[in-house]
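Enquirer: First, the structure itself, so that you have it in front of you.
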Amino acid sequence: MKSITNLLRLRMEDSKSPKRVFEKDDVIVLVRKEEDDDNNDKKAKDCPTCLERINGEISKCEDWESKRKNQLEELKKGVCFHKKEDGDSPTILVHKEKTTRKGKCSKCQKEYVSSKSNDVGDQKTFPHNCSQKPNQQDDEGNDNDNPNSKIAEKSTVRKYCKGNGISGLEYDEETGKLIITYKNNKKPKSELDNLTEELQEIKNYLKKEGRSKGKRRLLTESD
């Protein structure tokens, strides 16, 4: 009877509790505590700690990181992992810095982010919105693309003006027209927009070498 009484009085002692001295008739019953890590069937999505960590990593993802987001979402379907050692934790949870590549625009000379990528295969290329407008490109670049961009020689312009009795040439930047003034005052000015190849080259010379007056470029006999 004494042994049964002692068995009922026996309880699990905390490791920090004072040590007790058992009598010879005491019966000690050892109870093995099941370890969570050994028999863990709980899903990560049902574990507040795991779920918080996964959602924290998802919140760090940018819009283009679809593969990383999918892998993190799949992790929720797996078993609880937060009590594992760091070396056993899922590698997708290790947040690594993204690789950023930069380029330099040949027109505006500004640096810009050209692409970004991560360690799971996500990548995005970013276009550069150049601040330089197409009409700001230099004349040499336009010469290669536009067959009407040839520029007449100064001697050719003088010869044409002399042979046609012209006293002055104007280029109107607003209308794009070539305006010809004749030495003969009775002959009205000519405002031309449909030009021959020769006049187009003269107009291009005027645009480049003419004197600026408001929104016009001028050449006279004295120039």
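Laboratory data are not the source of any read-out in this text; all were calculated from the coordinates shown. Every value quoted in this text rests on a predicted model; they were computed, and no experiment measured them. Here Cβ is always computed from backbone atoms with ideal geometry, including for glycine, and neighbour counts include all displayed protein chains.
Enquirer: What ³J(HN,Hα) values, in whole Hz, does the Karplus curve 6.51 cos²θ - 1.76 cosθ + 1.60 give for the range 166-173 when θ = phi - 60°, with x put for Gly and Pro?
Expert: So the J values, rounded to whole Hz, are 9, 9, x, 10, 9, 10, 8, 5.
Enquirer: For the range 44-93, give the magnitude of the charge dipole about the Cα centre (Cβ charges: +1 Lys/Arg, -1 Asp/Glu; no others), in debye to the nearest 20.
Expert: Value, rounded to 20: 140 debye.
Enquirer: Can you list residues from other chains, or at least 5 along the same chain, whose modelled amide H is less than 5 Å from the amide H of Ser115?
Expert: Amide H neighbours of Ser115: Arg101, Phe126.
Enquirer: Run the numbers for Thr175 and Glu62: contour at 0.36 nm per residue of separation, minus the present Cα-Cα distance, in nm.
Expert: Difference between extended and current length: 35.8 nm.
Enquirer: Now for a separate question. If R0 is 45 Å, what FRET efficiency do you get for Glu74 and Glu111 from their C-beta distance, rounded to 0.05?
Expert: 0.75
Enquirer: Which whole-Hz couplings ³J(HN,Hα) result when phi for each residue of the range 211-219 is put into the Karplus expression 6.51 cos²θ - 1.76 cosθ + 1.60, θ = phi - 60°, listed in order with x for Gly and Pro?
Expert: 6, 7, 9, x, 9, 10, 10, 10, 9
Enquirer: What order do you get for Phe126, Phe81 when you list them from fewest to most C-beta neighbours inside 10 Å?
Expert: Phe126, Phe81
Enquirer: A further question follows. PRE reach from Glu153 (point 7 Å along Cα→Cβ): which of the range 180-209 fall under 16 Å by backbone N?
Expert: 198, 201-202, 205
Enquirer: Sequence-distant or interchain residues sharing an amide H contact under 5 Å with Leu195, placed H: which?
Expert: none
Enquirer: Okay, next question. So what is the relative contact order for the range 146-220, in percent, with contacts set as C-alpha pairs under 8 Å and at least six apart? Before the final figure, lay out the partial values.
Expert: Numbers: 108 pairs, mean separation 27.5, N = 75.
After rounding, I find 37 percent.
Enquirer: What pairs in Lys150/Lys215; Lys45/Lys67; Lys83/Lys124 have C-alpha atoms more than 29 Å from each other?
Expert: The answer is Lys83/Lys124.
Enquirer: Still on this structure, please answer the following. Using modelled backbone amide H atoms (1.01 Å from N, in-plane), which distant-in-sequence or interchain residues come within less than 5 Å of Val79's amide H?
Expert: Ala44
Enquirer: Sort 51-64, 182-195 for me by packing, meaning the mean count of neighbouring Cβ atoms within 10 Å per residue, highest on top. Before the final figure, lay out each step's value.
Expert: Values: 51-64: 14.1, 182-195: 11.1.
By packing density, highest mean first, the sequence is 51-64, 182-195.
Enquirer: So, with +1 on the Cβ of K and R and -1 on the Cβ of D and E, and no other charges, what is the size of the charge dipole of the range 146-220 about its Cα centre, to the nearest 20 debye?
Expert: Here the range 146-220 has a charge dipole of around 420 debye.
Enquirer: So what is the orientation-averaged projected area of the range 146-220, using the convex hull of its C-alpha atoms, in nm²?
Expert: 4.9
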